[in-house]
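Enquirer: So that we are looking at the same thing, I have put the structure below in structure tokens.
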Amino acid sequence: MHTKTLKALSNALAAGEVSSQELTRHFLDRIKQLDPGVNSFITVTEEQALAQAKAADEQRVAGNATALTGVPIAHKDIFCTRGVKTSCASKMLDNFIAPYNATVVEKMNDAGIVTLGKTNMDEFAMGSSNETSFYGPVKNPWNTDCVPGGSSGGSAAAVAARLAPAATGTDTGGSIRQPASLCGITGLKPTYGRVSRWGMIAFASSLDQAGPMTQTAEDAALLMNAMAGFDPKDSTSTDIEVPDYTADLNKPLDGLRIGLPKEFFEDGLDAGVGQVVQEAIALYEKLGATLVDIELPNTHLSIPAYYVVAPAEASSNLSRFDGVRFGYRCKDPLDLEDLYKRSRGEGFGEEVKRRIMIGTYALSAGYYDAYYLKAQKVRRLIKNDFDEAFKNVDVIMGPTSPNAGFKLGEKASDPVSMYLSDIYTISVNMAGLPGISIPAGLSNSLPVGLQIIGNYFDEARLLNVAHRYQQETDWHAQVPAAFV
Amino acid sequence: MALDKEDVTKIAHLARLQVADSEIEATTERLSSILGLIEQLEAAPTDGVEPMAHPTDAVQRLREDVVTETNHRDEYQQIAPATEGGLYLVPKVIE
């Protein structure tokens, strides 16, 4: 049952082959039995899940079921969930019970989806390995000595280990796609503004975007139908119509023009990863696509620009955690300044403090033009590269990450080497484009993801292109041996 | 640009973060290496380039000037570290 896709589970529920309560209990049992070795959940909401499942079963009997009524999923612990701890994997929010639901959570509840629990992540979504969590690192189900990627590492590992059929994630610089790649699952980062950010704990507001993490592109399409849409409560939400993302999944790929940026296949790309990606691209050629060599000449500037924009916005967003209204407060503060400094100094982990300080410095008097304004100009150059490329191609393909899952601890002491592992994903966030990572093979027994980047609001095409590949291959159906 | 310990102490103060004396040196080193990465921006030709704040250049939406928020004070204060009479408590600021 646990190896079935969301789509198959939805069919099984509709056919009455299984009830939501049976399904939910099955996944809760798996989490109890197997998650201690993976650490993908921070909170399991057993009681609430079973109540939601019971309500879903009743809804079905009453004839009011949607396609997703009764399917269980997990939410990244960055989404506020009413009455449930929402920690963002930080000591700062270890005691935080959210008083409201994020719009994404609300929409999924309305669709009848059951929440199994909240998944582990890098603290405040700052990391690419899930090692910065206050609750300890997540292990990659394919090899528990390796990282699952980050920051949505708990969501990726939970889906890969089939502890949940699907999960939500967020992606600021690659945090959905990179862990999806390292764990062998499908992860979609939608266009900036497509999915509401309301109730999603803010990291870098001009980059953050939520999306689905699933076994297949078809499942991602089903979840997008529930997640996407305009939200007046998110000031940067885009008010354009939401298509049925499942409608075009089977469209043939004849004549599809695939852009291959030369910058994505240069030094720094692991040879095994490169080979898997080349084989995937060759399959697309067989499916009728044509390959076009393109250039994204400012790719090398995306990481430096990101490490100005994201920390600057984070330093501002995270100023709300001050020990006054919610979250961690230090013991016996001497005065107000001591209260702020020690609550924040003790409540935040090392990486979060580093980024707050970088951002504070970049925004401080005398440095704004040299750092933040300069980075915003470079951001325009990166976007212009993509605009130019999309004049001649329909999608862009390349690796999601330069490497497969690396060893726990390998990059933990060198922040800059960790930052470089997001080289192929960050430019997509800088431009605000949608991107998807799909499993394309194994290198040294670890999963490798193919990244497909689309034009603005072209998620349906990305899902179509991904789905056709998954009709021809079975990488997305492979389960790590210990979790079959 | 390499930072020195004094810079880091000042930045930590601006960010209202306590950084223990024993951590200043390692923090200085790591922040300097991140700034080294960021410095690659200097070489980018950006004369006449419009800074980009939003991917689709959307502007702030306006709405009718009416009350939309409902009162959740009691609920929100339940998760506060210290409150009294509907107010959030902090150490005394004015003598």
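The values are calculated or read from the model by the stated rules, or taken from the named source; none is laboratory data. Values in this document were obtained by computation on a predicted structure and should not be read as measured data. Here Cβ is always computed from backbone atoms with ideal geometry, including for glycine, and neighbour counts include all displayed protein chains. Side chains are part of the model used for accessible areas, which takes the heavy atoms of the whole protein and leaves out ligands, DNA and RNA. Shrake-Rupley method; radii C 1.70, N 1.55, O 1.52, S 1.80 Å.
Enquirer: Quote the FRET efficiency, to the nearest 0.05, computed for A:His300 versus A:Ala62 with a Förster distance R0 of 56 Å and r equal to the Cβ-Cβ distance.
Expert: Working from the Cβ atoms, E equals 0.45.
Enquirer: Would you compute, from DSSP H runs of 4+ residues alone, the mean residue ellipticity of chain A at 222 nm, taking -39500 (n - 2.57) per run and dividing by the full residue count, rounded to the nearest 500?
Expert: Mean residue ellipticity, 222 nm, calculated: -11000 deg cm²/dmol.
Enquirer: So what does A:Tyr372 come to for accessible area, using a 1.4 Å probe and Å² rounded to 10?
Expert: Surface open to solvent at A:Tyr372 totals about 30 Å².
Enquirer: A further question on this structure: Please report, in cubic angstrom per residue, the volume enclosed by the convex hull of the alpha-carbon atoms of chain B.
Expert: Per-residue hull volume (Cα only) is 276 Å³.
Enquirer: What is the spin-label model distance, in nm, from A:Arg25 to B:Thr68 if the labels are put 7 Å beyond Cα along the C-beta direction?
Expert: Computed distance between label sites A:Arg25 and B:Thr68 equals 4.3 nm.
Enquirer: Express the relative contact order of chain B as a whole percentage, based on alpha carbon pairs under 8 Å and six or more residues apart in sequence.
Expert: This gives 20 percent for chain B.
Enquirer: Could you give the distance between the Cα centres of the range A:240-280 and the range A:303-350, to the whole Å?
Expert: What the calculation gives is 39 Å, centre to centre.
Enquirer: Around A:Gly409, under 10 Å between beta carbons, what's the net of Lys plus Arg minus Asp minus Glu among the other residues?
Expert: The answer is -1.
Enquirer: Which peptide among A:448-456, A:257-265 comes first, and what is the full order, when sorted by highest mean count of other Cβ atoms within 10 Å?
Expert: Packing proxy ranking, top to bottom: A:448-456, A:257-265.
Enquirer: Apply 1/(1 + (r/R0)^6) to the Cβ-Cβ distance of B:Asp47 and A:Gln471, taking R0 = 45 Å, and write down the FRET efficiency to the nearest 0.05.
Expert: That gives a FRET efficiency of 0.40.
Enquirer: Shielding of A:252-262 by partners, i.e. mean partner chain Cβ atoms within 10 Å per residue?
Expert: For peptide A:252-262, the averaged partner shielding equals 0.
Enquirer: Same structure again: How crowded by other chains is B:3-16, given as the mean number of beta carbons from other chains within 10 Å of each beta carbon?
Expert: What the average comes to for B:3-16 is 5.
Enquirer: Between A:Cys146 and residues 5 or more places away or on another chain, which pairs have amide H atoms under 5 Å apart, with H built 1.01 Å from N, and which residues are they?
Expert: Under 5 Å from the amide H of A:Cys146 lie the amide H atoms of A:Asn140, A:Leu408, each far enough along the sequence or on another chain.
Enquirer: Using only C-alpha positions, report the orientation-averaged shadow area of the convex hull of the range A:6-256, nm², one decimal.
Expert: With every direction weighted equally, the projected area is 13.4 nm².
Enquirer: Among bridges DSSP assigns within the protein assembly as shown, what percent are antiparallel (round to 5)?
Expert: Bridges in the protein assembly as shown are about 75 percent antiparallel.
Enquirer: Can you say what percent of the DSSP beta bridges in the range A:6-256, counting only those with both residues inside, are antiparallel? Round to 5.
Expert: About 75 percent, rounded to the nearest 5.
Enquirer: Report the percentage of all Cα-Cα pairs in the protein assembly as shown whose separation exceeds 48 Å, rounded to a whole percent.
Expert: 8 percent
Enquirer: Another question, then. Using only Cα atoms, locate the centre of the range A:77-137 and the centre of the range B:48-95, then give the distance between them in Å, rounded to an integer.
Expert: Result: 20 Å between the Cα centres.
Enquirer: Can you tell me the Rg and the Dmax, both Å, for the Cα atoms in the range A:300-376?
Expert: 14.3, 47
Enquirer: Also, quick follow-up: What list of ³J(HN,Hα) couplings, whole Hz, do you get for the range A:217-223 from phi and the Karplus terms 6.51, -1.76, 1.60, once you set θ to phi - 60° and write x for glycine and proline?
Expert: 5, 4, 5, 4, 5, 4, 6
Enquirer: Please find the FRET efficiency linking A:Val484 to B:Ile94, where r is the Cβ-Cβ separation and R0 is fixed at 56 Å, and quote it to the nearest 0.05.
Expert: The pair A:Val484/B:Ile94 has a calculated efficiency of 0.30.
Enquirer: Let me ask something additional. Spelling out what I want: for every residue of the range A:165-172, take phi, set θ = phi - 60°, compute 6.51 cos²θ - 1.76 cosθ + 1.60 (Karplus), and round to whole Hz; glycine and proline get x.
Expert: Whole-Hz 3J(HN,Hα) from phi for the range A:165-172: x, 6, 8, 8, x, 9, 9, 9.
Enquirer: Could I ask something else about it? Hey, could you grab the Kirkwood Rh for the range A:109-177? Inverse mean 1/r over distinct alpha carbon pairs, Å, one decimal.
Expert: Mean inverse Cα-Cα distance, inverted, gives 12.0 Å.
Enquirer: Rounded, prolate or oblate: which one fits the range A:359-451, using the alpha carbon gyration tensor with axes a ≥ b ≥ c (rounded when a/c is under 1.5, else prolate when a/b beats b/c, else oblate)?
Expert: oblate
Enquirer: Residues with amide H under 5 Å of B:Thr83's amide H, sequence separation 5 or more or different chain, H placed in the peptide plane at 1.01 Å from N; which?
Expert: B:Leu89
Enquirer: Using amide H atoms built in the peptide plane, which far-off residues or other-chain residues are under 5 Å from A:Ile294 H to H?
Expert: Under 5 Å from the amide H of A:Ile294: A:Leu260, A:Lys262.
Enquirer: With just the Cα atoms defining each centre, how far is the range A:436-460 from the range A:199-238? Give it in Å.
Expert: 18 Å
Enquirer: How many nm is it between the label spots at A:Glu410 and A:Lys262, if each spot is 7 Å from the Cα in line with the beta carbon?
Expert: Each label point is offset 7 Å from its Cα along the Cβ direction, giving 2.9 nm.
Enquirer: Which order do the peptides B:3-12, B:61-70 take when ranked by the mean count of other beta-carbon atoms within 10 Å per residue, highest first?
Expert: B:3-12, B:61-70
Enquirer: Looking only at other chains, what is the average number of their beta-carbon atoms within 10 angstrom of each beta-carbon in B:36-48?
Expert: 6
Enquirer: Pull out the extension gain between A:Ser235 and A:Asp254, defined as 0.36 nm times the separation in residues minus the alpha carbon to alpha carbon distance; nm, one decimal.
Expert: 2.9 nm
Enquirer: For A:Leu363, A:Leu9, give the ranking by accessible area with the largest first, probe 1.4 Å.
Expert: Heavy-atom accessible area, descending, gives A:Leu363, A:Leu9.
Enquirer: Using the Cα centre of the protein assembly as shown as the reference point, and only Cβ charges (+1 on K/R, -1 on D/E), how large is the resulting charge dipole? Debye, rounded to the nearest 20.
Expert: 900 debye
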